[in-house]
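Report on one structure; see the data block that follows.
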C-alpha cells in the first residue's frame, strides 16, 4: 500500500477563517489544543523556545505537479511550499509562548482555525555548520 | 474521522539497514527516488540548497507519551524527536547535492534504506528575526 495513515493529535484555534499569505500569520498567536488523550506527551515542552508544528492542509483540494508560487514563479510542487500537494502536510517552526495544560500558545503558525495538528516536535536548526557556529552562542 | 491518509511519493536509498544516532547520518549521502508519477513535481528543485524531507518512521512500533530521549532525559513525546510517536512523521532539513531526473542526492538525512518519503519542500529558516539578520546575508 503506497499510502500511510496518521492520527490527528490536536486542533488549531485562532479565529482565522481563510488562508492568506505567510506574512499575515507572522504576528498571530494561535492556540493549539492537544486532545486530552495525548496531553501527557507535552511533558516539559515548555523548555523549548521553538517547536515544529506538523499539520494537515485540510482545506486544500487536489494539486498540480507544476504550480505557480505565491510570487508568480513556475515551479514543481516539491520546489514550493504550496498547500496543494500530494501529501498535504504543513511544517512550520513557531515560537512557543506559553503552555496551560493541554493548550499551547504559539506565534507564527500559518494555519487557519480548525486545522488538524498531526505532530509537535522541538525545533532543530539544521542550517550549515558555519551558520550554526554563528547562531549557537546566541541560543545559550 | 480523526485520522488522515497521505500518499508515499518516493523512497530512500542509502544501504543503511538499522536506525542509529543522528550524528551517524550527518555525513551520509542518501538518494531519494521520487516515483515516476510525481517526478514532474521536482521541476526547479535544484535551485534550492536545502530541502525539508518528510518521511514515515516505518520501522517504529507503538509509542509512549512520556519517553526517555537519546540523552537520557524523561520528556513528553512532543518534547522529543523520537521516531516512536503518535503520527510517525520525520522531518529533516538536508543539503541537496544533485538531481538526476527523478533522483535526488541529499546529505544528512537520518532515515534508513527503504524509508517511505511523504513530501519534499524547499527549506525555510524560521529562526528569530535577529538570528535571521545574521544568517540571511550569508545565503545570498
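Any read-out appearing in this document is the output of simple, stated calculations on the displayed coordinates, not a laboratory observation. These figures come from a predicted structure and were not determined experimentally. Neighbour counts are summed over all protein chains in view; Cβ atoms, including those assigned to glycine, are modelled from backbone coordinates with ideal geometry.
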Which percent of Cα pairs goes in each bin when the distances of chain A are cut into 5 angstrom slices starting at zero? 2, 9, 16, 20, 18, 16, 12, 6, 1, 0
Run the paramagnetic zone check for residue B:36: 7 angstrom along Cα to Cβ, then residues of the stretch B:81-106 with backbone nitrogen under 19 Å. B:100-104
Using the 7 Å Cα-to-Cβ label point, sort the distances from residue B:22 to its equivalents in the other copies shortest first and give them in nm to one decimal. 2.2
How much mean residue ellipticity at 222 nm does chain A get from its helices, if each DSSP H run of length 4 or more adds -39500 (n - 2.57) and you divide by all residues, to the nearest 500 deg cm²/dmol? -3000 deg cm²/dmol
Label-point separation in nm, residue B:74 to residue A:17, each point 7 Å along Cα→Cβ: 4.7 nm
Computed from the mean reciprocal separation of all distinct C-alpha pairs, what Kirkwood hydrodynamic radius does the protein assembly as shown have, in Å? 19.2 Å
Please give the average number of partner chain Cβ atoms lying within 10 Å of the Cβ of each residue in B:43-53, rounded to a whole number. 4
Here the residues of the stretch B:58-84 lying in the modelled label zone of residue B:113, meaning backbone nitrogen under 19 Å from a point 7 Å along Cα-to-Cβ, are B:58-60
If you average the sequence gap of Cα pairs under 8 Å that are 6 or more apart and divide by the length of chain A, what percent do you get for the contact order? 37 percent
